[in-house]
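A.B. asks: After the structure tokens below, expect a handful of questions from me.
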């Protein structure tokens, strides 16, 4: 129902705007892997990974070779139907039972503002991105095997955000049946986080798919997408739990990779260029 | 022999090319390098190793334009390594590590460049690699001396994209002119490797890098003389974290090296 609402919402905006191109990309069963490291011994966690749909809503002005703007919003997580995975924090002592086990869902909501401009000729265009990214970590079901403690009712949500710039290339080859590809690399800083290094991470994205233009105003496409995201954070935060050293809920360095097959639907409004 | 080969290649391409290309040498007399390694695996205490040598850096950049639409560029940067004091931000103030580290860094970037539609700005796409090594000696951990010296190496290969902009060449002009040139390259490492590996831990491989260069100066016929600023950053993830028997660290999993400083450049337009 929510997905239908979003489709109708963006089609409605397109109709109002009377120009441009809207698309909805969904990775129904994207696999998300999350790895972390800290600056303190014993401060890592193993995450079994999770499945979560990824949604990307995109709007661009009418495509012209001498430049046009676009917006895209990416989201994955519990809100979009993501599952929970198990996170395990090992004990500092080798061979000891785990210090902490909990459920974890990793999601993100990222906004990209993109300027597109064609290269000198052909179907390839360059893209210049500005972006605000936010990674969201939800934890619950905390158990501490090393001390036999169960933290009933305890949950936590914490977030990391960063601002960045990036460059990319994209191309569409073919007309009625086409091959589309896109890749980008983004570099991030954390303007509002004075205690973290200025170099706050990077995102690398690559995708490609085969499409069918059913009509001049509508096309559908199938393909694959992969994203690799490294981000720094202050980390080292714990929640107070009696009988333990606290529930570990944040780390200094996080690497999140996401990949899967996508379905993309694209609508054009207004005059074609 | 390599110099002769390079010269022959440049001369050959200058004959077949109808566009203007250039070959430039760079020197950073006192570049500042900052290395910070973090994380742990075998290391039981401490979490951050830092060394900040001040050393000369040199570079070679060769850009060849096949026509007004396509150009190739490769650039190579290397520092002259010197020993500098490395220190350890410890978890406990009573146990720290000090040593002498010689940080050596080399990087090679090769790419294709094409202009945007109706614009002098170029888009860049290519591949790059970095190799850095750390020779550590005189290691003191707490009050214990670690005998011997240890070599840690990192290798990384990746892809990059970027933007290049600059003034048009004016080779052959009768009067001296001016020029400026700049680029930003952003890289993602697809493959990394180190020699002092350990098991365990989470973030194993990958990384990213950037390179920023801005320069300007004068053009005398086919010769360019300029000054500018270079800033590069290499973040390399490897399964590091090796410790010595006394507890000191000789490798770490997450390694960031910054290189920056002003430079002088000498170029030849052909």
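The values are calculated or read from the model by the stated rules, or taken from the named source; none is laboratory data. Note that this is a predicted model, so its numbers are computed, not measured. Because the Cβ atoms are built from the backbone with ideal geometry, glycine has one as well, and the counts that use them run over all protein chains shown.
A.B. asks: Every residue in region B:191-235 that is touching a residue at least 60 places away in the same chain (Cβ under 8 Å) and surrounded by fewer than 18 Cβ atoms within 10 Å (Cβ to Cβ), please.
C.D. replies: The answer is B:199, B:200.
A.B. asks: Then there is this: Go through the residues of region B:261-269 one by one and say whether even a single one is within 14 Å of another protein chain (Cβ to nearest Cβ) and in contact (Cβ under 8 Å) with a residue 24 or more places away in the chain. Explain how you work it out, then say what you get.
C.D. replies: Initially, region B:261-269 is screened for residues within 14 Å of another protein chain (Cβ to nearest Cβ), giving none.
No, region B:261-269 contains no residue that is within 14 Å of another protein chain (Cβ to nearest Cβ) and in contact (Cβ under 8 Å) with a residue 24 or more places away in the chain.
A.B. asks: Limited to region B:76-100, what total is found for residues that are free of Cβ contacts under 8 Å to residues at least 60 places away in the same chain and either touching a helix residue (DSSP H, G or I) at 6+ places or on another chain (Cβ under 7 Å) or buried (at least 21 other Cβ atoms within 10 Å of the Cβ) (or both)?
C.D. replies: Number of matching residues: 1.
A.B. asks: Looking at residue A:156, is it part of a strand (DSSP E or B), touching a residue at least 60 places away in the same chain (Cβ under 8 Å) and surrounded by fewer than 20 Cβ atoms within 10 Å (Cβ to Cβ)? Walk me through how you get there before you give the answer.
C.D. replies: Values: part of a strand (DSSP E or B): yes; touching a residue at least 60 places away in the same chain (Cβ under 8 Å): yes; surrounded by fewer than 20 Cβ atoms within 10 Å (Cβ to Cβ): yes.
It is true that residue A:156 is part of a strand (DSSP E or B), touching a residue at least 60 places away in the same chain (Cβ under 8 Å) and surrounded by fewer than 20 Cβ atoms within 10 Å (Cβ to Cβ).
A.B. asks: Is it the case that some residue within region B:171-185 is within 12 Å of chain A (Cβ to nearest Cβ) and either modelled with pLDDT under 95 or within 30 Å of residue B:89 (Cβ to Cβ) (or both)?
C.D. replies: So far as region B:171-185 goes, no, none of its residues is within 12 Å of chain A (Cβ to nearest Cβ) and either modelled with pLDDT under 95 or within 30 Å of residue B:89 (Cβ to Cβ) (or both).
A.B. asks: Checking residue B:232 against (1) more than 13 Å from chain A (Cβ to nearest Cβ); (2) more than 22 Å from residue B:40 (Cβ to Cβ); (3) within 17 Å of the chain's Cα centre (by Cα), which single condition isn't satisfied?
C.D. replies: All conditions pass for residue B:232, except number (1).
A.B. asks: Residue B:120 passes all but one of (1) within 14 Å of chain A (Cβ to nearest Cβ); (2) part of a strand (DSSP E or B); which number fails?
C.D. replies: The single condition residue B:120 does not satisfy is (2).
A.B. asks: Going through A:169, A:160 one at a time, which residue ends up being in contact with a strand residue (DSSP E or B) (Cβ under 8 Å, 6 or more places away or on another chain) and within 14 Å of chain B (Cβ to nearest Cβ)? Give the derivation first.
C.D. replies: Values: A:160 fails: within 14 Å of chain B (Cβ to nearest Cβ).
One residue alone meets the criteria, A:169.
A.B. asks: Related question: Could you please give the count of residues in region A:100-142 that are within 14 Å of another protein chain (Cβ to nearest Cβ), in a strand (DSSP E or B) and either within 18 Å of the chain's Cα centre (by Cα) or more than 15 Å from residue A:56 (Cβ to Cβ) (or both)?
C.D. replies: Filtering region A:100-142 for residues within 14 Å of another protein chain (Cβ to nearest Cβ) gives A:104, A:106, A:114-131.
When the remaining residues are screened for being in a strand (DSSP E or B), the result is A:104, A:106, A:114-119, A:124-131.
From what is left, the residues that are either within 18 Å of the chain's Cα centre (by Cα) or more than 15 Å from residue A:56 (Cβ to Cβ) (or both) are A:104, A:106, A:114-119, A:124-126, A:128-131.
Residues meeting the conditions: 15.
A.B. asks: Right, here's the next one. Here is a list: A:58, A:21. Which entry is in contact with a strand residue (DSSP E or B) (Cβ under 6 Å, 6 or more places away or on another chain) and free of Cβ contacts under 8 Å to residues at least 40 places away in the same chain?
C.D. replies: Step by step, each of A:58, A:21 is checked, and only A:58 is in contact with a strand residue (DSSP E or B) (Cβ under 6 Å, 6 or more places away or on another chain) and free of Cβ contacts under 8 Å to residues at least 40 places away in the same chain.
A.B. asks: Now a separate question. Go through B:43, B:112 for me and flag whichever is modelled with pLDDT of 95 or more and within 12 Å of chain A (Cβ to nearest Cβ).
C.D. replies: From the options B:43, B:112, the qualifying one is B:112.
A.B. asks: Looking at region B:236-256, which of its residues are in contact with a strand residue (DSSP E or B) (Cβ under 6 Å, 6 or more places away or on another chain), within 12 Å of another protein chain (Cβ to nearest Cβ) and surrounded by fewer than 24 Cβ atoms within 10 Å (Cβ to Cβ)?
C.D. replies: If the condition is that a residue be in contact with a strand residue (DSSP E or B) (Cβ under 6 Å, 6 or more places away or on another chain), within 12 Å of another protein chain (Cβ to nearest Cβ) and surrounded by fewer than 24 Cβ atoms within 10 Å (Cβ to Cβ), then B:243, B:247, B:256 are the ones that fit.
A.B. asks: Which numbered condition in (1) away from every other protein chain (no Cβ under 14 Å); (2) touching a residue at least 24 places away in the same chain (Cβ under 8 Å); (3) surrounded by fewer than 17 Cβ atoms within 10 Å (Cβ to Cβ); (4) over 15 Å from the mean Cα position of the chain (by Cα) is the only one that residue A:180 fails?
C.D. replies: (3)
A.B. asks: Just one of (1) closer than 30 Å to residue B:264 by Cβ; (2) surrounded by 21 or more Cβ atoms within 10 Å (Cβ to Cβ); (3) within 14 Å of chain A (Cβ to nearest Cβ) trips up residue B:103, so point out which.
C.D. replies: Against the list (1) closer than 30 Å to residue B:264 by Cβ; (2) surrounded by 21 or more Cβ atoms within 10 Å (Cβ to Cβ); (3) within 14 Å of chain A (Cβ to nearest Cβ), residue B:103 comes up short only on (3).
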